[in-house]
Each structure stands twice: as C-alpha cells, then as structure tokens.
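Okay, so here's the structure we're looking at.
The values are calculated or read from the model by the stated rules, or taken from the named source; none is laboratory data. Because the structure is a prediction, the values reported are computed rather than measured. Reconstructed Cβ throughout: ideal geometry from the backbone, glycine too, with neighbour counts over all protein chains shown.
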C-alpha cells in the first residue's frame, strides 16, 4: 500500500461522487467501496470477500478474510447520510458481537477505520482527500497485512491447543479438584465431566473448530465423547462406558458412524462397520492389563484409542508429527489433512488435540496403526471382539 495507489482511488471516488452526489448505498458499494477494496488488494469477486455477510439479524456489506471467520467488516453508508463517531461506536458493537476486531465504515466522503481489541476501541477518521496522507493506517487493512496477521494468530493458537492437549488430563484433573472443593465431594463426578468438557471446548476454540458464530450455536461434533470426556468412575480392566483416564476404557458403541461410499480394498473388511459390531483393543504394560477401548466402527475406535493414550500416557508428545508406522507411505497423524508429499487424505477425523487422523484404511492397517501407537509408549495390545482372525 502506497500513497500513489490511494491517490488514484481518491481521484476515482471524487469523480464518482461528483457525477452522482445522491447515490444510494448500493450504488456507493459498487462505485466506491469495491474500488476501495481493490486498492487494498482484495479480490472483490474472490472467496476472501463475502458481500452481504449475515450475522444474527444484521447484514454486513462486506466481510473480508480467509477461512470461515471474517477478519474485517466493511460497511457503506449512502453519501447523503454522513457518518460520525457515534456510527463508528455502533459499528464496533456489531464487530464485537461477531468476534471481528477490524472494520471500515465509510460514506464515500469520510472513512472510519475501527479497531476493537480486548475491550478498547480505536477509531481513526479521515476525509477522502486525506487518505493518501495516512498510508500507515490504511495499509493495516490491506489484504497482505490482514492475512499475515491472521496466519500468525492461527499458528499461535494451534500451538497453544497442542500444548493444552499434551497436559489435558492434568489440567482437567486440577480443575475438577477445584470445582469439587467448592461444590462438595458428592459432586466430584459431575465436576470431572464439566472440567474435561471445558478443556476440550477451549482447545476446540483455540483450533478454530467452533465456527458457527453467525447462528450463535457451536458446531455439532460427529462423535459424543470423541475426546473421552464423558463420564467418570474408577479404574477398570473391563470395557465400559466411562471416559478414558489411566486404567479406564473409552466407549463409542453409542455412536453411529456415517456410511462410506468408498469401497474397501480387495480381500479386506470395510473400515466403516454397521449393525451391532464391536471392536475392542486391550492395552498391557508388561504383563498387566491397564485398560481397553471399544467402539462400533474402526475409525471411531482409532480416534478413541489416540485420545485415550494421549490423555493417560501423553502419546502425541511421544510422536514426531506427521507420523505413520515405519515403512508406510503418507501420514496417519498430521497437523492438517495432507500427507508429507502435499496430497490430501482421502478420509480423516479431527482429534481433540486438533491433529488430523487418517481413516481411509482397511482392517489389517488399523491393527498395524494401533500396535505401532501402543508400542511408541511402551505398551502392547490384544484385539478382541469382531476383529478378523490373523
């Protein structure tokens, strides 16, 4: 962003306003706002610019940014209805409600650059003719600057989510203790469930998984207890429906896995089971059985296995990500749903930690993955239930 670019836009906008001083809001969006966004290197016809963005009962002129959540709101007022700081404050309230920190409110003749960060409101207001005198302010809203800041922010939040995932069990247990101290020992089980759910929801928010801000509802998960956060109870060697902690079992039999239209590999059983099948993996430390995981489908079993081993044994911290069993092509666990060569995973699930878990495998491959994961933290496994015989 430089002064010459802004000067060219000022000349264009002045000509448009002189030609039609009473233009409507829609006309101003087409003749002034869109050229302004183009001067900031935004492609007004590309996926990073959404016109008529809906949030609650409001419609925002333009939402800018990458991904599902916008980074900047841009709102246009008809030139005949000049804007002031009160308008900027009302605009900032909408931004705050939507979780958007940056916004531009303009009427063609005046431009308010709004930043609403951590409860503080900063407004820089300039007339059209003075825009070239403030490239430092205007350039803060250009595409490259916005994308760079958002990329850095997302990377920091993902790293924070990974750190949280590594200590998930410890933090949830500490929080549960604090809740039980206040509510009483008779509610410790409820406190444990609430603590794990809070940690998992916070991690999901850090990863950016909770996207449905427009409707005010969190996105639905496709597996209850995916992270092993449901239930409490004592350690047991038998598969049961409690959430996984050291010595407990993760149970996913109440979960219906979505059907797959992908054909299983020749000679193998499908990785997406239906009906009343039950797959069980029992874990051993030396000669001692320390717990088990069961599920109605192989893909869900693998998700539960990773979550169980990570909570009780810090599995993911012991792996080099992207990870796969020795000798395999591609990744089984990765930060994003892509293999090291850049190709996309055909099927995957998101782990509570935010990592992607590959699920386009046949039954023998699932067995090999489970064995390799257990071996990475010094455990061995026994397969029970509806697994095919070796």
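List of remarks:
- Condition check for residue 193: assigned to a helix (DSSP H, G or I) and in contact with a helix residue (DSSP H, G or I) (Cβ under 6 Å, 6 or more places away or on another chain): no
- Which listed residue, of 37, 6, 17, is closer than 24 Å to residue 154 by Cα, at pLDDT 90 or above and part of a helix (DSSP H, G or I): 37
- Of all the numbered requirements in (1) over 22 Å from the mean Cα position of the chain (by Cα); (2) crowded, with 18+ Cβ neighbours inside 10 Å, residue 310 misses one, and that requirement is (1).
- Some residue of the range 40-52 being assigned to a loop (DSSP other than H, G, I, E, B) and farther than 23 Å from residue 147 by Cβ: no
- Residue count, the range 341-364 (criterion: at negative phi and surrounded by 19 or more Cβ atoms within 10 Å (Cβ to Cβ)): 13
- Selection status of residue 45, within 32 Å of the chain's Cα centre (by Cα) and without any contact (Cβ under 8 Å) to a residue 24 or more places away in the chain: yes
- Being over 30 Å from residue 207 (Cα atoms), touching a strand residue (DSSP E or B) at 6+ places or on another chain (Cβ under 7 Å) and not in a strand (DSSP E or B) is true of residue 28.
- Just one of the listed residues (371, 363, 326, 336) is in the same structural domain as residue 282 (by TED's automatic domain parsing), out of contact with any helix residue (DSSP H, G or I) (no Cβ under 9 Å at 6 or more places or on another chain) and over 26 Å from residue 196 (Cα atoms), and it is 371.
- Taking the listed residues 158, 168, 153, the one that is without any contact (Cβ under 8 Å) to a residue 24 or more places away in the chain and under 22 Å from the mean Cα position of the chain (by Cα) is 153, with no other qualifying.
- Total residues in the range 26-56 satisfying the condition of being under 22 Å from residue 81 (Cα atoms) and either outside the structural domain of residue 69 (by TED's automatic domain parsing) or surrounded by fewer than 18 Cβ atoms within 10 Å (Cβ to Cβ) (or both): the figure is 6.
- Hey, residue 315 surrounded by fewer than 22 Cβ atoms within 10 Å (Cβ to Cβ), within 15 Å of residue 374 (Cα to Cα), touching a helix residue (DSSP H, G or I) at 6+ places or on another chain (Cβ under 7 Å) and in the same structural domain as residue 371 (by TED's automatic domain parsing) or not: no
- Entry remark, the range 65-86: residues being farther than 19 Å from residue 26 by Cβ and buried (at least 19 other Cβ atoms within 10 Å of the Cβ) number 4 in total.
- Within the range 298-390, helices (runs of 4 or more DSSP H) holding 2 or more residues that are modelled with pLDDT of 90 or more: 298-313, 363-376
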